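Peer 1: One structure is given below, represented as structure tokens, and several questions about it will come after.
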There are 2 protein chains.
Amino acid sequence: MPGRKIEIKARKEVASRTARLDAVFAALADPTRRAIIERLSRGEARVTEVAEPFHMSLNAVSKHIRVLEASGVVARHRKGRDHILSVNARSLDEVDGWILRMRGYWEKRLDAMERLLYELGKDRKLAPKDRKHGSR
Amino acid sequence: MPGRKIEIKARKEVASRTARLDAVFAALADPTRRAIIERLSRGEARVTEVAEPFHMSLNAVSKHIRVLEASGVVARHRKGRDHILSVNARSLDEVDGWILRMRGYWEKRLDAMERLLYELGKDRKLAPKDRKHGSR
């Protein structure tokens, strides 16, 4: 049944997108990890360079870096003996897309409320004059 | 020392903004909580209405709702005996701002890289003709 195969594939894609969103949002929910992303946003750097400004052990910073790598926001490559970290510029696309979608809903509702308030205001201003027509 | 007071106030503001960002990102790092936000984005609803589509106990959904309320993304008000939930349309502003700032950095770097690649391409095309001038 090819239809069923497509359905299973689509479900798997949704599941992995959901898991990616979970991982990226969780990765961003920590000030040290956000600071690491800010640092790497200005340019790639060695693990030791990234760890330097933080008042914590290299081991503690490394744990945060591993969370960022697992979420796909940060990538690591080797240059000789050094481990170089960089940000993955496409990793926030899905997170961004989700937030934009929510904003879209909310803005539509805010627009509708504004229109309603505007109409109510218009009616109130017209009411004394128009009352005799009895339409409202 | 008024300068010191201003400094302490500024630090407190940064600390509370940081805590809000932590709370909102953590709140969004769960598929049930994101689904609740999507539901409430289409209009306010009672707690029982929000819980209905989920295959979990009312108690489990209530816990997720409390996390969303603590982060400021969802608000609750009472209408008679009902608890009505709604989304706070301004709650994603800081999260959005942070993501936009990162994107800003990255896009600048991507632009710079593109320019560099373009310049390298231009040089390469010119190279055979220009070699005799010996500037490169």
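The values are calculated or read from the model by the stated rules, or taken from the named source; none is laboratory data. As the structure is a computational prediction, the values presented were derived from the model and not from experiment. A quick note on method: Cβ atoms are made from the backbone with ideal geometry, for glycine too, and the neighbour counts reach across all protein chains shown. Heads up: the accessible areas ignore ligands, DNA and RNA and are worked out on the full protein's heavy atoms, side chains in. Shrake-Rupley method; radii C 1.70, N 1.55, O 1.52, S 1.80 Å.
Peer 1: Of the cross-linked pairs A:LYS79/B:LYS12; A:LYS108/B:LYS63; B:LYS9/B:LYS63, which ones have a Cα-Cα span greater than 31 Å in the structure shown? Write out the running numbers ahead of the final one.
Peer 2: Numbers: A:LYS79/B:LYS12 41 Å; A:LYS108/B:LYS63 29 Å; B:LYS9/B:LYS63 33 Å.
Pairs exceeding the cut-off: A:LYS79/B:LYS12; B:LYS9/B:LYS63.
Peer 1: Averaged across B:83-95, how many Cβ atoms of other chains sit within 10 Å of each residue's Cβ atom? Walk me through the numbers before you get to the answer.
Peer 2: Values: counts 0, 0, 0, 1, 4, 1, 7, 1, 2, 6, 1, 0, 4.
If you average over the peptide's residues, the count of other-chain Cβ atoms is 2.
Peer 1: Tell me the relative contact order for chain B as a rounded percent, counting alpha carbon contacts under 8 Å between residues six or more apart. List each step's numbers first, then the result.
Peer 2: Values: 80 pairs, mean separation 28.6, N = 136.
So the answer I get is 21 percent.
Peer 1: Another question about this same structure. How long is the gain from A:THR48 to A:ASN88 if the chain were fully straight, where each residue apart is worth 0.36 nm and the alpha carbon distance is subtracted? It would help to have the intermediate numbers written out before the result.
Peer 2: Values: separation 40, 0.36 × 40 = 14.40 nm, distance 1.93 nm.
Extra length available between A:THR48 and A:ASN88 comes to 12.5 nm.
Peer 1: Which whole-number value in Å² is the accessible area per residue of chain B, probe 1.4 Å? Could the numbers behind the result be given before it?
Peer 2: On the way: 9300 Å² over 136 residues.
About 68 Å² of surface per residue is accessible.
Peer 1: Using a ≥ b ≥ c from the Cα gyration tensor of chain A (square roots of the eigenvalues), is it rounded, prolate or oblate, where a/c under 1.5 gives rounded and otherwise the larger of a/b and b/c decides, a/b for prolate? Write out the running numbers ahead of the final one.
Peer 2: Values: a/c = 4.78, a/b = 2.07, b/c = 2.31.
Because a/c hits 1.5 or more and a/b fails to exceed b/c, chain A counts as oblate.
Peer 1: Also, I was wondering about something else. In Å², rounded to the nearest 100, what is the total accessible surface buried by chains B and A against each other with a 1.4 Å probe?
Peer 2: Numbers: alone 10880 and 10900 Å², together 18600 Å².
Buried: approximately 3200 Å² between A and B.
Peer 1: Using a 1.4 Å probe and ignoring any ligands, DNA or RNA, find the accessible area of B:THR48 and quote it in Å² to the nearest 10.
Peer 2: Its accessible surface works out to 80 Å², give or take rounding.
Peer 1: Using a 10 Å cut-off on Cβ to Cβ distances, tally the other chain neighbours for every residue of A:106-116 and report the average as a whole number.
Peer 2: Values: counts 9, 1, 2, 7, 1, 0, 0, 0, 0, 0, 0.
Going residue by residue through A:106-116 and averaging, the value is 2.
Peer 1: Would you kindly find the accessible area of A:PHE54, with a 1.4 Å probe and non-protein molecules such as ligands, DNA and RNA excluded, rounding to the nearest 10 Å²?
Peer 2: Using a 1.4 Å probe on the heavy atoms, I get roughly 40 Å².
Peer 1: Using protein chains only (no ligands, no nucleic acids) and a 1.4 Å probe, work out which residues of the range A:10-37 have their accessible area cut by at least 10 Å² relative to the chain alone.
Peer 2: Checking the loss per residue gives A:THR18, A:LEU21, A:ASP22, A:PHE25, A:ALA26, A:LEU28, A:ALA29, A:PRO31, A:ARG34, A:ILE37.
Peer 1: Additional query: On a 0 to 90 degree scale, rounded to 10, what angle separates helix A:58-71 from the longest Cα axis of chain A?
Peer 2: 50 degrees
Peer 1: Return the average number of partner chain Cβ atoms within 10 angstrom of each residue Cβ along peptide A:45-51. Numbers along the way, then the final one.
Peer 2: Values: counts 0, 0, 0, 0, 0, 0, 0.
Across the residues of A:45-51, the mean count of other-chain Cβ atoms within 10 Å is 0.
Peer 1: Would you mind telling me the share, in percent, of accessible area of the range A:1-120 contributed by carbon and sulfur at probe 1.4 angstrom?
Peer 2: Values: 4260 of 7530 Å².
Using a 1.4 Å probe with all protein chains present, the range A:1-120 comes out at 57 percent carbon and sulfur.
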